[in-house]
Each structure stands twice: as C-alpha cells, then as structure tokens.
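For reference, the structure discussed in these notes is given below.
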Amino acid sequence: MSGDERRLVILQAAVELFSQHGFKGATTKEIAKASGVSEAMLFRHFENKDALYQAIIETKGCSENATKFAWDNDEQLATAIAAKDDMAVFTRIGFTILEKQQANVPFMRLLLYSALEEHDLAERFFHEFVGRVYEFIGGYIKTRQKDGAFKKVKPNLAVRAFLGMLLRHSLNNILWDKSSFLLKISNDEAAKGFADILLKGLEAERA
C-alpha cells in the first residue's frame, strides 16, 4: 500500500473502534492491529491518539462536509432553490442528510461517544460541520422570509427543528428501532414528511 492508502486504512479502523469503545476506551495498539500495521507504523502517520482523532474529524468535517456532498454539485437542489420550490428544497436537503447519516453508522456512533466524553474535538466538529449546515439552510429561510413566504421566526430555530426531526429519525433507525417496528418508511418518504411539517410551521399568515 502507498502511504496515503495505509493512512486511510488506519483511519477507517480507528472510526470503527472509536465508535465501539469511545476515545478513552480504544487504544492505539488495538487500532494498529485492526489496521494490519504495527503500532510504530501507526505513529509514523499519527503522532498520538489525539492526532488520529483530529484527522477523523477533519476528514469527515472537510472532505465529506454537508455543504460539499449535499449542495455544491447538486443540480436538483440548485434548480429547486432557483425556482423557490420550498417543498423540493427541504425534501432534497432532508433526504441527503438522512442518506448520509444512515450510510455511516460508525461515524454517527463516534460522534455520540465524543459528545458523552466531552472531547473538545466533538465541539469543533459541531461548529465546523453543523455550523455550515445552519448557515446554508438558515440563509434560504431568510431569503424566503424577505419574499414574504415564511413567517418571521428565528431562522436557526427553524433549522434546529428540521435537523432535530432528521437526526431523531436516523438515531431511531440506527440505535433503537432497527427493525422499523414503530415506523417503517423510506428516507424519501421521511424527508417529504418532515419537510411538510416544517413548511406548515413556517408558512406566512395570509392577510
């Protein structure tokens, strides 16, 4: 393997182990073993466990950040935004977020562990990653408020409500209701439903 390939393998193994044992519980020795390298080789790529953890956050928060994977090159969303088709906009955003969350369960678990352990990198991820999500969605809401389509509420309050529905739904599927006993629904249907609930709450009152 090349150096970059080996680094990626180590990061993938680290995500899996951190998601199972947390930052404090996973050791560099275990991560090296799971990566198929020696601990000395691991330290050639990452000087310590903090550096390894930081690399994970940077990879997920930059290379795979929500703004990039969901919106920069999404022609369907760009068309909906240009047309000010609110239902299409929020359905597309919701669907993409749900797909991303549920496709990377180990990283979702790692984030939960990070928050519970109060690791400083968890806060960094929230500000760098989730902050961009708030800015993007909140910016659209502000535009539609100026158009008179949405009522005057704090944009970030609406964003939190929308993301809260999406995150809770994903966590139900990932952690508590894996068989979908309580609610068996596709991500497309869920996104449309949550978008509809949000938009009914945002709809401006008619004179």
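Given (1) surrounded by 13 or more Cβ atoms within 10 Å (Cβ to Cβ); (2) at pLDDT below 90; (3) acidic (Asp, Glu), where does Asp188 come up short, assuming only one miss?
So Asp188 meets the others, but not (2).
If I go through segment 59-96 residue by residue, how many of them are assigned to a helix (DSSP H, G or I) and either of a type in the set (A, V, I, L, M) or at pLDDT 70 or above (or both)? Steps first, please.
As a first pass, look at segment 59-96 and keep what is assigned to a helix (DSSP H, G or I): 59-63, 66-72, 75-83, 86-96.
Now restrict to residues that are either of a type in the set (A, V, I, L, M) or at pLDDT 70 or above (or both): 59, 66, 70, 75-83, 86-96.
Within segment 59-96, residues that are assigned to a helix (DSSP H, G or I) and either of a type in the set (A, V, I, L, M) or at pLDDT 70 or above (or both) number 23.
Residue check, Gln54 against (1) at pLDDT below 65; (2) surrounded by fewer than 19 Cβ atoms within 10 Å (Cβ to Cβ), all met but one. Which one?
The one condition Gln54 does not meet is (1).
Take residues that are at positive phi and tell me which of the helices (runs of 4 or more DSSP H) falling wholly in segment 102-207 contain 2 or more.
Once the helices (runs of 4 or more DSSP H) in segment 102-207 are filtered for at least 2 residues that are at positive phi, nothing remains.
Within segment 143-156, is even one residue more than 24 Å from Ile57 (Cβ to Cβ) and in contact with a Pro (Cβ under 8 Å, 6 or more places away or on another chain)?
Here is the first cut: in segment 143-156, the residues more than 24 Å from Ile57 (Cβ to Cβ) are 143-155.
Remaining after also requiring in contact with a Pro (Cβ under 8 Å, 6 or more places away or on another chain): 145.
Checking segment 143-156: at least one residue is more than 24 Å from Ile57 (Cβ to Cβ) and in contact with a Pro (Cβ under 8 Å, 6 or more places away or on another chain).
What residue, of Ala161, Ala190, Ala195, is touching a His at 6+ places or on another chain (Cβ under 7 Å) and not basic (Lys, Arg)?
Ala190
So which pairs qualify, if the first residue must be in segment 78-91 and at negative phi and surrounded by 13 or more Cβ atoms within 10 Å (Cβ to Cβ), the second must be among the charged types (D, E, K, R) and part of a helix (DSSP H, G or I), the Cβ gap must be under 7 Å, and the two must be at least 6 apart or on different chains?
Ala80/Arg92; Asp86/Arg144; Thr91/Lys192
The values are calculated or read from the model by the stated rules, or taken from the named source; none is laboratory data. Only a predicted model underlies this, so the values are computations on that prediction, with no experimental measurement involved. All Cβ positions, glycine included, derive from the backbone under ideal geometry; neighbour counts span all protein chains shown.
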